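Taking it in order: structure first as structure tokens, then the write-up.
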Amino acid sequence: MPSHAGASAKLSKSRFLSGLQCHKQLWWRVHEPEAAELTPTKALQNLFAQGAQVGERARRYVPGGELIDLPFYQLDNKVAATRESLRRDPPALYEAAFLADDTYAAVDILERGPGGARGYGVIEVKASNSLKPEHIPDVAVQVHVLRQGGLSVERAEVMHLNPDCRHPDLSKLFVREDVTAAVEGALLGVPDQIAAQLRMLGGPLPDVPIGEHCTKPYDCPFLDRCWKLPQHHVSTLYRIERRKVLEYEADGYATIYDLPTDLELSAIHARQVQAVTSGRLVAQPALAGALTGFDGPLAFLDFETVALAIPRYAGCRPWENMPVQFSCHTQGRSGKYVHHEWIADGPEDPRPALAEAVVRACGGARHVVAYYASFERECLKQLAQAVPDLARELHAIGAKLVDLLPVIRNNVYHPDFGGSFSIKHVLPALVPSLAYGDLEINEGETASVELQRLMFDGGEMRLQERARLRQALLSYCERDSWAMVKLLERLRGLVGAEQLELF
Ligand code: SF4
């Protein structure tokens, strides 16, 4: 139910940025703050939590400041406390809040000018590994609000994580980039943008057509409301560029069914169009040849990883994906499959035990099957760096990797793939009896976040809750490696059957 907040609405930095992306998105955020779409996913909550840790850590690198230690929603109290703190003139303020031009802005770090000069520097802390274009308006709106509030701001910086920093030397965890010139340029438009957003919020839901802005710079939470596309819309063509979609739409081709038969298409798109328009699974004759590298004994290997903004283990960089769990199915001489698995369930460095278990599981295999093998290859490389005693064995496993994904991508298409060759789309289409819907954890991003919870918060969980989480993670990873076993069986069954009726 829309609220009547618009007439009296104030902006905040995040609202302003949302409005820059799309007025309709901002209108919904303000008028429907309880909308289901605005409930953050576990992955987003994790991102916020890691962002908060990075923000706290950044203060150590600009020391001696005063923290405005009030919850973010007590905006007016934060503004008052900031005013008080400024009178004491500390070298820096953390989480200082300001209100001007009907817009609130909280500044991660406000730094007094060099040598105690009167001008201030605004430092926006970002948990990313680089400076991004979208950081500029983020800083610009803060500088605007501070200057409107009478503060002299002379510098603007983005302080982001340093991708070259390696644990345990965290002395260079951050990079500070001066963005003053870019921010001064962006500032020119800010007053009009604020006025336009406030005006818009006082009116009815604006009419904004969908477009590239829906996913840039961030995925809009309301995509499902606005993007009601027909099944097999041309945008579902595998990895199609947005520009091409617009071109097809302009030519009157809304769906794959509408495309003219003489259109020049890539081999994958041609197969997709053939499968969709015929309602049949298409398998190329070359499939048999593509499967020749999959001779046994086989191991089917899948890793799960965590990515930590602030590295905790030797050699790790910010946000580096670190393997902490694996599942592997191996086929014995009798043809029966044996399952191997290992999971980190505490904060200790998991890599030595994990590496040992992987070597034990895959040691006897001639080929090691993965789905999107570059991920498993990278995990094995990282384990080899972290556990030099097993480096030779781990590299040997890496050399045996064979990838199922390109075999399917280059030879098979099922109309239910929906333009994606991810295992989450491919498995239910090719092996309908084995999907992911029955699992408590059923996709990789959630698994990664839950693995972090098990590793770092597991000690505070009730035993039952912890055991359940551990089991859910094991089941998810096991499904991934078993999925490969079943996919390979299915692909072998498809050899020789170039088109299969689905209906
Ligand atoms: S999906 Fe696109 S048009 Fe709809 S609210 Fe989001 S950004 Fe705006």
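The values are calculated or read from the model by the stated rules, or taken from the named source; none is laboratory data. None of the values given here were measured: they were computed from a predicted structure. Neighbour counts are summed over all protein chains in view; Cβ atoms, including those assigned to glycine, are modelled from backbone coordinates with ideal geometry. Surface accessibility is based on the protein's heavy atoms, side chains included, excluding ligands, DNA and RNA. Shrake-Rupley method; radii C 1.70, N 1.55, O 1.52, S 1.80 Å.
For the pair Gln274 and Lys172, a Förster radius of 35 Å applied to the C-beta separation gives a FRET efficiency near 0.05, rounded to the nearest 0.05. Residues whose amide H comes within less than 5 Å of that of Val402, counting only those at least five positions distant or on another chain, are Val368, Val369, Ala370 (H built at 1.01 Å from N in the peptide plane). Ranking of Leu308, Leu99 by solvent-accessible surface, largest first: Leu99, Leu308 (1.4 Å probe, protein heavy atoms only, all chains present).
Sparsely packed loop sites in the stretch 170-254 (the chymotrypsin sites (Phe, Trp or Tyr not before Pro) outside DSSP H, G, I, E and B with at most 13 other Cβ atoms within 10 Å) comprise Tyr218, Trp227.
Compared with the alpha-carbon gap, the fully stretched path from Val208 to Tyr238 is longer by 8.1 nm at 0.36 nm per residue. For the chain, the residue among Phe417, Ala307, Pro137 whose Cα projects farthest onto the positive side of the dipole built from Cβ charges is Ala307. What separates the Cα centres of the stretch 320-374 and the stretch 225-278 is a distance of 39 Å. Quick one: longest stretch of the chain between exposed loop GluC sites (Glu not before Pro), exposed meaning at most 12 other C-beta atoms within 10 Å and loop per DSSP? It works out to 35-240. When a/c is below 1.5 the answer is rounded, else prolate if a/b is larger than b/c, else oblate, so apply that to the stretch 1-160 with a ≥ b ≥ c taken from the square roots of the Cα gyration tensor eigenvalues. Because a/c hits 1.5 or more and a/b exceeds b/c, the stretch 1-160 counts as prolate. Rolling a 1.4 Å probe over the protein heavy atoms of the chain, with every protein chain left in place, gives an accessible area that is 52 percent carbon and sulfur.
Within the chain, the longest run free of trypsin sites (Lys or Arg not before Pro) that sit in a DSSP loop with at most 13 other Cβ atoms within 10 Å is 367-461. Kirkwood Rh, the stretch 287-407, all Cα pairs: how many Å? About 14.8 Å, per the Kirkwood formula over Cα pairs. The gain in end-to-end length when the Glu134 to Gln464 segment is fully stretched comes to 114.5 nm, 0.36 nm per residue minus the alpha carbon separation. Helical content alone sets the calculated 222 nm signal of the chain at -13000 deg cm²/dmol, taking -39,500 (n - 2.57) per DSSP H segment of four or more residues and averaging over every residue.
For the stretch 375-461, what does the alpha-carbon gyration tensor say about shape, rounded, prolate or oblate, given a ≥ b ≥ c as the root eigenvalues, a/c under 1.5 as rounded, and a/b over b/c as prolate? Oblate is the answer for the stretch 375-461, as a/c is 1.5 or above yet b/c matches or exceeds a/b. With unit charges on the beta carbons (Lys and Arg positive, Asp and Glu negative) and the dipole taken about the Cα centre of the stretch 151-246, which residue among Leu223, Met159, Pro206 sits farthest to the positive side? The residue sitting most towards the positive pole is Leu223. Accessible surface calculations at 1.4 Å, restricted to protein heavy atoms, place the chain at 48 Å² per residue. The mean of 1/r over all distinct Cα pairs in the stretch 221-310, once inverted, gives the Kirkwood hydrodynamic radius of 16.7 Å. Modelled label positions at Ala254 and Asn442, each set 7 Å beyond Cα in the direction of Cβ, lie 3.0 nm from each other.
Measuring from label point to label point, each 7 Å out along Cα→Cβ, what is the Arg88 to Phe456 span in nm? Here the answer is 3.0 nm between the modelled labels.
The value of relative contact order for the stretch 364-485, using C-alpha pairs under 8 Å at least six residues apart, is 22 percent.
What you get for the chain, charging only the Cβ of Lys and Arg (+1) and of Asp and Glu (-1), is a dipole of about 580 debye around the Cα centre. When the Cα gyration tensor is reduced to axis lengths a ≥ b ≥ c, the ratio a/c is 1.5 or higher for the chain, and with a/b not above b/c it is classed as oblate. Rounded to the nearest 0.05, what FRET efficiency do Lys486 and Ala399 give with R0 = 22 Å and r taken as the Cβ-Cβ distance? Could you check? Efficiency at R0 = 22 Å is approximately 0.30. Computed over the chain, relative contact order equals 13 percent, with contacts defined as Cα pairs under 8 Å that lie 6+ residues apart. A Cβ-based charge dipole, computed about the Cα centre of the stretch 21-127 with Lys and Arg at +1 and Asp and Glu at -1, lands at about 360 debye.
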